[in-house]
Amino acid sequence: MIGITGLTKSYNSRQVLKDVDLRILPGEVVAIIGPSGAGKSTLLRCINMLEVPDAGRIHVDGRQVFYTPNGRGKLGVLDQFRLTWLRREIAMVFQQFNLWPHRTVLDNLLEGPVIAKGQKRADAVPRAMEKLRSVGLEDKADAYPADLSGGQQQRVAICRALMMDPKAILFDEPTSALDPELVNEVLDIMAKLARTGMTMVIVTHEMKFAREVADRVIFMEHGGIVAEGPPDEVFQHPRLRVYASHLSH
Amino acid sequence: MNTYDPGSVAAEYFPIFLAGALTTLGIVAAAIVCATVLGYVIATLRLSRVRALRIFAAAYVWFFRGLPLMLSLFFFYYTKPFGLTMDAFTAGLIAMSLNSASFFSEIIRAGLKSVNAGHLEAADSVGMNPLQKFVRVTAPEGIRLMTPPYINNCIIMLKESAQISVITVPDLMLQGQKAYNSTYNVMETLGVVAAMYLVMTSLLMVLQLVIEKKMGRKMGTTKQLREAVGSMA
């Protein structure tokens, strides 16, 4: 589904990704864990070109992602036009939800399919309502994001990602901005989604979730992958045990 | 015998004042449109990655923001710049547009810079192209942020437009001057003119309130406000 070889990226002189290789299979749920500054989010954001790598090859669903590395690390305008296909295949859920505050919940869900993909609104509305129902928010369709709790906003953001009928969804620390009591309602939705066979790449600090839901765990440190494999194996890795001991005081 | 008949100036000259007010509205509206377009261009140049463009835009703002409007008016009307002879209306329009574009560009630049980067990334993440991103996210969010200073500047433009009477544009101010020159009733004439200016500026203020209220409600700020007030109590 997603293939990455030799991915390298620096900010100024600091190397955040050092020659990273990664392969993600269809239907696989992969959790990327590791300390802050390990390059987890950067790796994730390179997959859909929110960050432009300095070097390395990326394949998505059999297509190579051609990009032009530049000093800014963001896509140029022409590449943005050229790579819209990539973003329509790979959806994303952000730490800060990033719902559009000037649109209702329903309109947030419709932007992708109707505006970006050009689908008919009348066709998209029932699908949007169905997604909202699946996360228990059908009564919030006409609310504005500011009227929702963080957990509700993130559930809407997951629906927005699903509306793209993506081949895979990237989650960038989806519960890090939530109050502790709201974390589980989002994790539950994600676990449910994982069982449907959706390909998911999740950067997270939720160790328990990674252990229980992920098919494979990737442990990153200092811009490289230190360990990867089935959760039970990776969680035995000495470096990860050091890291985990810092997490649980 | 010469008796003063209150209201006579207003009654007799009202159609002329009205024509003057329409001229004022026309030139200000046209100048707002031109200055907004030009201001937007300058703002994007100022945010450009090309250093030379940034410097050019900064120089433009420095130059026109630092010069009196009156000076620009005289320049375009009296010096026939670049061999162009123009009527007073055109000269006034150009001077006002160039002058106000420097202010608008700063307002627009601040607005564009304040658009939430995460909301733009969300637009990227659903596969919007740069054009769609601008129309669906940058513009609506930017307009909400820019409305108060933007309308404020429009009101300033409307009032400053009185200066174009000096280069003989038959605006509300000039019609007023003509009226009291022939009637010698300065007080009443200026009173009527003042009332008409206030009507025009009030309309702009109402427009601002309407836009702010509409956008504020849509963004759910009323609830946020309630919560903010609640958490203080």
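List of remarks:
- In region A:39-51 there is no residue matching the filter, namely being on the phi < 0 side of the Ramachandran plot and more than 14 Å from the chain's Cα centre (by Cα).
- Hey, B:Ile167 among the hydrophobic types (A, V, I, L, M, F, W, C), free of Cβ contacts under 8 Å to residues at least 60 places away in the same chain and within 20 Å of B:Ala95 (Cβ to Cβ) or not: no
- Residue within region B:113-124 that is more than 14 Å from chain A (Cβ to nearest Cβ), more than 24 Å from B:Ala194 (Cα to Cα) and in contact with a Leu (Cβ under 9 Å, 6 or more places away or on another chain) present: yes
- Taken over region A:202-244, the criterion of being charged (D, E, K, R) and modelled with pLDDT of 90 or more is satisfied by A:Glu206, A:Lys208, A:Arg211, A:Glu212, A:Asp215, A:Arg216, A:Glu221, A:Glu228, A:Asp232, A:Glu233.
- The number of residues in region B:36-91 that are among the aliphatic types (A, V, I, L, M), open to solvent by less than 80 Å² (accessible area, probe 1.4 Å) and assigned to a helix (DSSP H, G or I) comes to 16.
- Test for A:Gly37: is it modelled with pLDDT under 90 and either more than 10 Å from chain B (Cβ to nearest Cβ) or within 25 Å of A:Glu212 (Cβ to Cβ) (or both): yes
- Residue satisfying condition, being in a helix (DSSP H, G or I), open to solvent by less than 40 Å² (accessible area, probe 1.4 Å), modelled with pLDDT under 90 and more than 28 Å from A:Gly112 (Cβ to Cβ), within set B:Glu188, B:Glu227: B:Glu188
- Yes/no for B:Val50 being more than 30 Å from A:Lys74 (Cα to Cα) and without any contact (Cβ under 8 Å) to a residue 12 or more places away in the chain: no
- Top-ranked residue of region A:116-133 - restricted to ones that are open to solvent by 50 Å² or more (accessible area, probe 1.4 Å) and under 18 Å from B:Val135 (Cβ atoms), ranked as farthest from the other protein chains (Cβ to nearest Cβ): A:Arg121
- Meets criteria (of a type in the set (Val, Ile, Thr) and either away from chain A (no Cβ under 14 Å) or open to solvent by less than 10 Å² (accessible area, probe 1.4 Å) (or both)) for B:Ile143: no
- Residue that is touching a His at 6+ places or on another chain (Cβ under 9 Å), closer than 30 Å to A:Pro238 by Cα, among the aliphatic types (A, V, I, L, M) and open to solvent by less than 20 Å² (accessible area, probe 1.4 Å), where the choices are A:Ile4, A:Ile47, A:Ile24: A:Ile4
- Whichever residue in region B:105-131 is touching a Lys or Arg at 6+ places or on another chain (Cβ under 7 Å) and open to solvent by less than 10 Å² (accessible area, probe 1.4 Å) and, among such residues, is nearest to B:Pro149 (Cα to Cα): B:Ser105
- B:Met86 being closer than 30 Å to B:Met196 by Cα and either hydroxyl-bearing (Ser, Thr, Tyr) or over 18 Å from the mean Cα position of the chain (by Cα) (or both): yes
The values are calculated or read from the model by the stated rules, or taken from the named source; none is laboratory data. Since the model is a prediction, treat every value here as computed from it, not as a measurement. No Cβ is skipped: glycine too gets one built from the backbone with ideal geometry, and neighbour counts run over all protein chains shown. All accessible areas refer to the heavy atoms of the entire protein, side chains included, with ligands and DNA or RNA removed. Shrake-Rupley method; radii C 1.70, N 1.55, O 1.52, S 1.80 Å.
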